[in-house]
Amino acid sequence: MRFTLLVAAVASLAAAPPPPAVVTAHNPLFVGADPDIVALCGRWWVYPTGAGDPRDAPPASRFYAWSSPDLRRWTRSQPLLRMSDISWIKSDGAPDHGLWAPSLTAANGHYYLYYSVGPQNPTPSRLGVAVGDSPAGPFVDSGKPLLTGGHGFEAIDPMVFVDPRSGKPYLYAGGSAGATLRIFELKPDMTEIEREIPVATPPHFTEGSFVHERAGIYYLSYSHGHWNGPDYSVHYATSSTPVGPWTYRGAILTGDTTHQGPGHHAFAQNPATGQWFIAYHRWDRGIGPGPYQGDRKVAIDAIRYAADGAILPVTMTDGPPPPSPLPPSTCQEPHR
């Protein structure tokens, strides 16, 4: 997403009541944007931008997670990573910074939290990675940027996919004004880049890429349009490899009469049932020209596939997400 700093008086932030740490939710579930979702350790985990305590100053100064055993009852974590924990964040000399678009990957017996640091101007945006021993954190930053933008490329919206066939981890990043997708292979330690893999940016790509694999098909999905406008939506392309070439397949998540700007999403599968879900953010409001203001909120809906593997268009819902209890499990790899 294109990050916009939220300005508020510290006094009013301090006076604001904290959001509930436990909720029994209907769509939309809670305030937040850019959600990643994984099924891990017998629970669903959602990692969004924001969705923490409104008394945080600045509001984008830390990450939280929400977790649930069944997609119905959600518990907010303690802070996972604070801006003050990142030693290099002020090294660019920019006057202000914010954290957004976290993404979690499990590997090597650890949990890796990838995230964006912005804004893009007056200095390039950067990506960071922090490591933890639990999906609930806390996470310790690697001590240096993973990737820095520049020359027309915005280093935003990281997503790491570990190919189930080769075991290789791939980092997908980029978007917004440059609308450029880049793919990198990571080193086995998951905190450094091994090499860049040339890729053609697919049609209608703006930002927020995500990759999952199903029945031998690799799906690259991404946001299109302006983050606070009615054209924001989710499109996808497919390939026989995790790095393309990509064949554009169409839009799967677009605004309707009561929900606008759905985008920046993630997929996850219940390993017990095989059912796939999409977590995304949206504006709950009627049709209008934008730019929209206020809070974006996180929702989760079921995904359906056609016989040929095509993703069927998603109908956004307002009730509780379909109940989807996860089987008890030890903490191992997430189900993408």
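The values are calculated or read from the model by the stated rules, or taken from the named source; none is laboratory data. It should be emphasised that the depicted structure is a prediction, and the values quoted were computed from it without experimental measurement. Don't worry about glycine lacking a Cβ; one is built from the backbone with ideal geometry, like all the others, and counts go over all protein chains shown. Quick note on the areas: whole protein, heavy atoms, side chains included, nothing else; ligands and nucleic acids left out. Shrake-Rupley method; radii C 1.70, N 1.55, O 1.52, S 1.80 Å.
Regarding G309, is this residue at pLDDT below 95 and either loosely packed, with under 13 Cβ neighbours inside 10 Å or part of a loop (DSSP other than H, G, I, E, B) (or both)?
no
When the range 232-256 is examined, which residues are found to be outside any strand (DSSP E or B) and not small (G, A, S)?
Selection gives Y232, T241, P242, V243, P245, W246, T254, D256.
Before we move on, is F184 over 17 Å from the mean Cα position of the chain (by Cα), open to solvent by less than 50 Å² (accessible area, probe 1.4 Å) and over 24 Å from P58 (Cα atoms)?
yes
Quick check on the range 231-239. Is at least one of its residues more than 25 Å from L171 (Cβ to Cβ), open to solvent by 60 Å² or more (accessible area, probe 1.4 Å) and modelled with pLDDT of 95 or more?
The answer is yes, given that some residue of the range 231-239 is more than 25 Å from L171 (Cβ to Cβ), open to solvent by 60 Å² or more (accessible area, probe 1.4 Å) and modelled with pLDDT of 95 or more.
State all residues of the range 251-283 that are at pLDDT below 95 and touching a Pro at 6+ places or on another chain (Cβ under 6 Å); if no residue qualifies, say none.
If the condition is that a residue be at pLDDT below 95 and touching a Pro at 6+ places or on another chain (Cβ under 6 Å), then A272 is the only one that fits.
Quick one: which of Q293, Q260 is assigned to a strand (DSSP E or B), polar (S, T, N, Q) and over 22 Å from A65 (Cα atoms)?
Sole residue among the options that is assigned to a strand (DSSP E or B), polar (S, T, N, Q) and over 22 Å from A65 (Cα atoms): Q260.
Please find, within the range 64-92, the residue that is most open to solvent (accessible area, probe 1.4 Å) out of those that are assigned to a loop (DSSP other than H, G, I, E, B) and touching a residue at least 60 places away in the same chain (Cβ under 8 Å).
For the range 64-92, the residue satisfying everything is Q78.
Given the residues D34, D56, which is the only one that is part of a strand (DSSP E or B), within 19 Å of R82 (Cβ to Cβ) and at pLDDT 70 or above?
D34
Would you mind telling me which numbered condition in (1) open to solvent by 40 Å² or more (accessible area, probe 1.4 Å); (2) hydrophobic (A, V, I, L, M, F, W, C); (3) under 23 Å from A51 (Cβ atoms) W283 fails?
It fails just one condition, (1).
Determine if the range 132-142 includes at least one residue that is touching a Phe, Trp or Tyr at 6+ places or on another chain (Cβ under 8 Å) and among the polar types (S, T, N, Q).
Within the range 132-142, one or more residues are touching a Phe, Trp or Tyr at 6+ places or on another chain (Cβ under 8 Å) and among the polar types (S, T, N, Q).
Of the residues P245, P289, P323, P271, which single one is closer than 21 Å to H26 by Cβ and of a type outside the set (A, V, I, L, M, F, W, C)?
Exactly one residue qualifies, and that residue is P323.
If you take the residues in the range 93-147 that are part of a loop (DSSP other than H, G, I, E, B), touching a residue at least 40 places away in the same chain (Cβ under 8 Å) and closer than 20 Å to F161 by Cβ, which one is farthest from the chain's Cα centre (by Cα)?
N108
Hey, any hits in the range 202-221 for a residue that's more than 18 Å from A155 (Cα to Cα), at pLDDT 95 or above, open to solvent by 60 Å² or more (accessible area, probe 1.4 Å) and within 19 Å of the chain's Cα centre (by Cα)?
yes
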